[in-house]
Every structure is written in structure tokens, then in C-alpha cells.
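Here's the structure, in C-alpha cells; my notes come after.
The values are calculated or read from the model by the stated rules, or taken from the named source; none is laboratory data. Just so we're clear, the structure is a prediction, and the values are computed from it rather than from any experiment. Methodologically, a virtual Cβ is constructed for each residue, glycine included, from the backbone with ideal geometry; neighbour enumeration extends over all protein chains shown. Please note that ligands, DNA and RNA were not included when accessible areas were found on the heavy atoms of the full protein model with its side chains. Shrake-Rupley method; radii C 1.70, N 1.55, O 1.52, S 1.80 Å.
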Amino acid sequence: MKIAVLGAGSVGSYYGAVLKNKGFDVTLICRGDHYNQISSKGLSVKSNWGNYNLNIKATDNVNDLDSFDIIFYTPKLYSNKDSLPILKEISNENTLVITIQNGVNSHNEIAKFINIKNIIPAATFIEAEIESPGVILQQGSSAIIEMGELDNSNSNRLQKIHEDFNSKFLQFKISKNILTTLWEKMIIVGAFGTIMTSFRMSFRELIDSNYGKKILRETMKEILSVGVAEGIKLSSVSIDQIIINLEKEADEMTSSMFNDLKNNKPLEIDSILGHVVELSLKHKLELQYSTTLVSSLEKFKNG
């Protein structure tokens, strides 16, 4: 089985390392200093389960690559314009694409290039960052990919992926309703990541501030209201419980958007909380907190 990770940054590189250690044929598709370090010195991983270095195939040029059996699609959303044609180039009619991007609309964007029957939407729950080029820092006691079919079936291919890939280092879970799962994550990431970025605060600083927890709660409520208006089943969501769970790992919580802001990179804001604000217009919902947050990052979204 040939596996590629397209857009192998912090999270994608961690996936590749875990699957390589399980004996799979893995290729990381990445670029810049991160690619150069992996190519010359291997990939180093610092994780909750130990530290290690491994040799793993990596490339910044797909022109000479054949197609893959499974592709983990992990670029930042703002890179889709460049990454989706590459995805098509290294796919064939049988390639499965597991899309693990923020937001709730990635599978629809990919379907413009790949047959939607070959797409498996997924959400990830992991704290990881590139500590330095070629070095991945994973924190926290969980690393999860929750995947599902768009028709909510417990398909043979989902069961096969779970059987082959699941481990304590990277848990593969099968969602009973993947759109619900994606929106549940949007409620979390769309709120705390955007607020941390807008306020230039760590998550600990945010929840310890005078009004941080209130702003977090109200933003989550707004995202929830849009999801419900979209017809997503979210009746079991408890905002208070989400915040309690986040507080338990407050000191380890990171935001890729905040990291991008600090590194003068583009932001995914238009495809995350900005997408929610856009959907709210269709339903004539007023999102005072969300609209303010999106507006505060407008001039930074292109880096």
C-alpha cells in the first residue's frame, strides 16, 4: 500500500511518522526548510509517547511520482488553489483521499478535482507544531483522526483503514455522522483559534482573562446556531462541557492560525469562522461576536 501525505506540515508529518513506524510505504510531500531537513537528516518526532528520529521519503516535486493508494490531504485551506491540482496529478480512479483540513467544506472543494466517491472527510484532534524544520512536537494525551462516509455508512473501506492504521499513537475512529463531527470541531476551532489569534493570547491567558471565557462561549453558541440552521444534527452538543474539556488541557492548547499570524503567513480565517459568518447571511442570523472576530483579522489574512 502506497501512502502519501500531501501538505505535510506539523500534523501531516506526525501522521506520516506513525504510519511509517507501522511499516507502511509513506511519502511526505512538503517544501522549504522542513523538506530540506527531512531529506538530509530524517524526521524527528517529540511526542507524548516518546521521541525518535526516522528516515522517511519526502519530496517537494511530484512530477516523477506515480499515483498512490491512499492520500492524506492536509494542506492549509488557503493552499487549496495550488494543492488540489497536485492531488489530482498523484491520484488514479481508485485512490482514496482522506481530507483532514479545518472547516466543514473541504470535501466539496476537493470534489471539483476528484470523484466525490473517493473522498473520505475526516476531522483531527491533535496538538502538534513544527518546533523547527524537520522536528515535530506533539503534545497532549490524544492524537485522533475521526473519519466518515458522506452517506454515514460503516463501509468496508472505513473498517479496513481502522484495522490497518489504528494505534495508541494515532487513533482512527469511525464517525456515525461525519458532517456532525466536522461541525462539532468547527464549534471548537472556529471559536478558540480565532479568538486566540485576534487577542494575541495563549489559551491559558484567554480563559484566565476577565471576559475571555464569556467571549469563547458566545462565539461557540453562534457557530452552533449556524450549524443547526444548516440542518446539522447538533442536539447533543454542550458548550459548557466543551469548555470544561478544553480547560483541562489549557496549557497545551495551541492554534495553528495564531502560529501563522506570528510567522506572517496567510490565515485560514475565510474558510473557518469566516465561512460560518458567510453562511449566517443566508439564514439571516446575526453573529455579533463572530463577525467582530473575523473583521479584526481581515487585514492579516493574506499574511
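Within the bounds of region 66-79, is there any residue that is over 22 Å from residue 33 (Cβ atoms), without any contact (Cβ under 8 Å) to a residue 60 or more places away in the chain and open to solvent by 50 Å² or more (accessible area, probe 1.4 Å)?
no
Take residue 149 and decide whether it is among the acidic types (Asp, Glu), touching a residue at least 12 places away in the same chain (Cβ under 8 Å) and either outside any loop (DSSP other than H, G, I, E, B) or surrounded by fewer than 16 Cβ atoms within 10 Å (Cβ to Cβ) (or both). So that I can check it myself, show each step before the final result.
Values: among the acidic types (Asp, Glu): yes; touching a residue at least 12 places away in the same chain (Cβ under 8 Å): yes; either outside any loop (DSSP other than H, G, I, E, B) or surrounded by fewer than 16 Cβ atoms within 10 Å (Cβ to Cβ) (or both): no.
The answer is no for residue 149.
Can you tell which of 163, 131, 93 is surrounded by fewer than 17 Cβ atoms within 10 Å (Cβ to Cβ), under 21 Å from residue 51 (Cα atoms) and of a type in the set (Asp, Glu)?
Selected residue: 131, the only one of 163, 131, 93 that is surrounded by fewer than 17 Cβ atoms within 10 Å (Cβ to Cβ), under 21 Å from residue 51 (Cα atoms) and of a type in the set (Asp, Glu).
Those residues that are closer than 21 Å to residue 223 by Cα and β-branched (Val, Ile, Thr), I need them from region 92-125; list them, please.
100, 104, 124
Within region 1-55, which strands (runs of 3 or more DSSP E) (wholly inside it) include 1 or more residues that are at positive phi and free of Cβ contacts under 8 Å to residues at least 40 places away in the same chain?
The qualifying strands (runs of 3 or more DSSP E) are 50-54.
All but one of (1) open to solvent by less than 30 Å² (accessible area, probe 1.4 Å); (2) within 25 Å of residue 298 (Cβ to Cβ); (3) touching a residue at least 24 places away in the same chain (Cβ under 8 Å); (4) touching a Phe, Trp or Tyr at 6+ places or on another chain (Cβ under 7 Å) hold for residue 266; which doesn't?
Of the numbered conditions (1) open to solvent by less than 30 Å² (accessible area, probe 1.4 Å); (2) within 25 Å of residue 298 (Cβ to Cβ); (3) touching a residue at least 24 places away in the same chain (Cβ under 8 Å); (4) touching a Phe, Trp or Tyr at 6+ places or on another chain (Cβ under 7 Å), the odd one out for residue 266 is (1).
Can you find, within region 125-143, the residue that is modelled with the highest pLDDT among those that are under 14 Å from residue 168 (Cβ atoms) and over 12 Å from the mean Cα position of the chain (by Cα)? Step through it out loud before you land on a result.
Restricting attention to region 125-143, the residues satisfying the condition of being under 14 Å from residue 168 (Cβ atoms) are 126, 138, 140-143.
Then drop every residue that is not over 12 Å from the mean Cα position of the chain (by Cα), which leaves 138, 140-142.
Numbers: 138: 95, 140: 85, 141: 86, 142: 89.
Checking each candidate, the answer is 138.
Looking at 41, 46, 112, which is the one that is within 22 Å of the chain's Cα centre (by Cα), at pLDDT 95 or above, exposed (fewer than 14 other Cβ atoms within 10 Å of the Cβ) and charged (D, E, K, R)?
Checking each option against the conditions leaves just 112.
Could you please give the count of residues in region 208-260 that are open to solvent by less than 60 Å² (accessible area, probe 1.4 Å), assigned to a helix (DSSP H, G or I) and β-branched (Val, Ile, Thr)?
Total meeting the criteria: 7.
Looking only at region 193-207, decide whether some residue is open to solvent by less than 60 Å² (accessible area, probe 1.4 Å) and under 15 Å from the mean Cα position of the chain (by Cα). Spell out the reasoning first.
In the first step, residues of region 193-207 are kept if they are open to solvent by less than 60 Å² (accessible area, probe 1.4 Å); the result is 193-198, 201-203, 206-207.
Still in the running and under 15 Å from the mean Cα position of the chain (by Cα): 193-194.
Yes: region 193-207 contains one or more residues that are open to solvent by less than 60 Å² (accessible area, probe 1.4 Å) and under 15 Å from the mean Cα position of the chain (by Cα).
For region 261-293, name all the residues that are within 19 Å of the chain's Cα centre (by Cα), closer than 12 Å to residue 190 by Cα, of a type in the set (A, V, I, L, M, F, W, C) and assigned to a helix (DSSP H, G or I).
Listed by number, the residues that qualify are 269, 273, 276.
Keeping to region 275-303, report how many residues are surrounded by 21 or more Cβ atoms within 10 Å (Cβ to Cβ) and touching a residue at least 24 places away in the same chain (Cβ under 8 Å).
Residues flagged as surrounded by 21 or more Cβ atoms within 10 Å (Cβ to Cβ) and touching a residue at least 24 places away in the same chain (Cβ under 8 Å) within region 275-303 amount to 7.
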